[in-house]
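K.L.:
Got a structure for you, written out below as structure tokens; questions coming shortly.
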Amino acid sequence: MQTKMETTILRLQGEICRALEKLDPDTKFKVDKWKREEGGGGVTCIMQDGSVFEKAGVNISVVHGTLPPGAVQQMRSRGKDLKEGTKLPFFAAGISSVIHPTNPNVPTIHFNYRYFEVDNGNGQIQWWFGGGTDLTPTYLDEQDCIHFHKTLKAACDQHDSGYYQKFKSWCDEYFFIKHRGERRGVGGIFFDDVDEPSQEEAFSFIKSCAEAVLPSYIPIVKKHMNDGYSYADRQWQLLRRGRYVEFNLVYDRGTKFGLLTPGARIESILMSLPLHAKWEYSHTPESGSKADRLLQVLKNPRDWITE
């Protein structure tokens, strides 16, 4: 499974980078290959200051070593049966990406798909998959949300008709910015600790979800990348990106795990942060405005499939 996962994420990284460069042909990805002293390494691909994409990162990593007690404790809090206070051998492979467009009418997308193994020290290997894809618009376009969610649902339905609703609800719950009382975006799917019905079937499921990223997102980019926008639109985009930063640094489990892992590559962990963001004291959008329409959905998630 380790080899299958590594081969898959390498392929996906290449496909996604080529698709983005095709939309922003004057800007190319910088490819940064790195190694981790404790074991393994990865490839970080970053595009910055493009006409279509202000910042886009597509990162893969294949690492191994020993989990420090802090990371073990984080996993135990999720119900993993791991020995407390010990360093355990692990293997992790994954692809993660955040794409922040230039135009405020084009939403940000984030996705992450990963495979994990831990040797519990008693001859048993625990394994699981995790991941998800979610959309964070600056302004609400209902048709974009419907297209995005239907594409993800189709990928989920290939494996279990109950997956989409379960993982959509999980996504709405996970990306909740508690101190703001709102979600980071309009959701998508999110899951962790998937270890059934079998390893092969679980792998097939996350592969289907990862392969749905481009068809869920590229049509939305093409639809809006040449839309006009105002200075006020840009300022609202920067405020929403401030919220993005708040979630990632305060709540995101992947960021926390990365920062707890010895030899972690900080530049790759923090590649999800936007190039520019803004915080304005006590900003409140005008009631009934485009910005307010978005906020209402962030506070009260909608069912984009049945509406």
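K.L.:
Do the conditions hold for VAL31, that is, is it open to solvent by less than 70 Å² (accessible area, probe 1.4 Å), touching a strand residue (DSSP E or B) at 6+ places or on another chain (Cβ under 7 Å), under 25 Å from TYR244 (Cβ atoms) and not polar (S, T, N, Q)?
P.N.:
No, not satisfied.
K.L.:
Tell me which residues, restricted to region 97-127, are at pLDDT below 95 and either in contact with a strand residue (DSSP E or B) (Cβ under 7 Å, 6 or more places away or on another chain) or closer than 20 Å to LYS207 by Cα (or both).
P.N.:
PHE116, GLU117, VAL118, ASP119, ASN120, GLY121, ILE125, GLN126, TRP127
K.L.:
I need the full set of residues from region 124-149 which are outside any strand (DSSP E or B), open to solvent by less than 30 Å² (accessible area, probe 1.4 Å), out of contact with any Phe, Trp or Tyr (no Cβ under 6 Å at 6 or more places or on another chain) and closer than 29 Å to ASP195 by Cβ, in order please.
P.N.:
PHE148, the sole residue that qualifies.
K.L.:
Can you say whether TYR174 is at pLDDT 95 or above and over 16 Å from the mean Cα position of the chain (by Cα), as far as the supplied structure shows?
P.N.:
Criteria not met by TYR174.
K.L.:
Does region 174-183 include one or more residues that are within 27 Å of THR306 (Cβ to Cβ), part of a helix (DSSP H, G or I) and of a type outside the set (Lys, Arg)?
P.N.:
Taking every residue of region 174-183 in turn, at least one turns out to be within 27 Å of THR306 (Cβ to Cβ), part of a helix (DSSP H, G or I) and of a type outside the set (Lys, Arg).
K.L.:
If you don't mind, there's one more thing I want to ask. Do you know which residues across region 192-203 are under 11 Å from ASP160 (Cβ atoms) and part of a strand (DSSP E or B)?
P.N.:
VAL194
K.L.:
Next question, about the same structure. I'm checking my understanding of the structure. Among residues of region 150-171 that are under 15 Å from the mean Cα position of the chain (by Cα) and crowded, with 19+ Cβ neighbours inside 10 Å, which one is farthest from PHE205 (Cα to Cα)?
P.N.:
Per the criteria, the residue is CYS171.
K.L.:
Continuing with the same structure: Could you list, in sequence order, all residues of region 276-297 that are in a helix (DSSP H, G or I) and either of a type in the set (Gly, Ala, Ser) or out of contact with any Leu (no Cβ under 7 Å at 6 or more places or on another chain) (or both)?
P.N.:
If the condition is that a residue be in a helix (DSSP H, G or I) and either of a type in the set (Gly, Ala, Ser) or out of contact with any Leu (no Cβ under 7 Å at 6 or more places or on another chain) (or both), then LYS290, ALA291, ASP292, LEU295, GLN296 are the ones that fit.
The values are calculated or read from the model by the stated rules, or taken from the named source; none is laboratory data. Keep in mind it's a predicted model, so treat the numbers as computed, not measured. Methodologically, a virtual Cβ is constructed for each residue, glycine included, from the backbone with ideal geometry; neighbour enumeration extends over all protein chains shown. Each accessible area value is taken on the protein alone, full model and side chains, heavy atoms only, with ligands, DNA and RNA left out. Shrake-Rupley method; radii C 1.70, N 1.55, O 1.52, S 1.80 Å.
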